[in-house]
Amino acid sequence: MPEMDLAHARTDHQKGVMERAIKDGVCSFCEDFCRGKPPTYHTNPVIKDGTWWVLTTNFAPQNGAQLQFLIVYKDHVNTPTLLPPEAWIELGEITRWALEDNRIEGGALYMRVGDTEYSGATMSHLHANIIFGGTTRALHPNATPVRIKVGYAIAAPT
């Protein structure tokens, strides 16, 4: 299973950061958020630093997003089944803080898990996203939806 999936990078900057981490032989999330040193790869500032999670902004947000947060788990796992109950509690607390502090009235909280070839994620290191765009199409007739890849469609049998 790949640690970072270049095929899922959304921007040239993101792909370049991922290529550098792959060349360096490291998981960029582990290097930047699990080692207790200043970030090398993800240069957006840490907003909240908890016991289990780090909150920052995504430097490659989904196209059309007004704001996209990353909540990165501080240990290298790729599935939430390995999290202790305390980590789930802190994830809820950080999510609540981000939503309330930024007055987010609607959006999505999502976490892609496991093998990136199934999930569509760029990183197999467990992380969640909080994302929001604009308001409904009725208020913005030319608006298009913010789209999030969460895997791949399987063709229906014929």
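The values are calculated or read from the model by the stated rules, or taken from the named source; none is laboratory data. What you see is a predicted model; the values in this text were computed from it and never measured. Ideal geometry is used to build each Cβ from the backbone, glycine not excepted, and the neighbour counts take in all protein chains shown. These accessible areas exclude ligands, DNA and RNA; they are computed on the full protein's heavy atoms, side chains included. Shrake-Rupley method; radii C 1.70, N 1.55, O 1.52, S 1.80 Å.
Among the trypsin sites (Lys or Arg not before Pro) within the stretch 54-107, those in coil by DSSP and having at most 16 neighbouring Cβ atoms inside 10 Å are R103. The mean accessible area for residues of the stretch 1-48, using a 1.4 Å probe and ignoring ligands and nucleic acids, is 57 Å² per residue. Please report the carbon-and-sulfur percent of the accessible area for the chain; probe 1.4 Å, protein heavy atoms only, DNA, RNA and ligands left out. Accessible surface attributable to carbon and sulfur in the chain totals 54 percent. For the chain, relative contact order (Cα pairs under 8 Å, six or more residues apart, normalised by length) works out to 25 percent. Per residue, the convex hull around the alpha carbon atoms of the chain comes to 148 Å³.
Residues within the reach of a label modelled at T11 (point 7 angstrom out along Cα to beta-carbon, backbone nitrogen below 20 Å), restricted to the stretch 43-85, are 43-48, 55-72.
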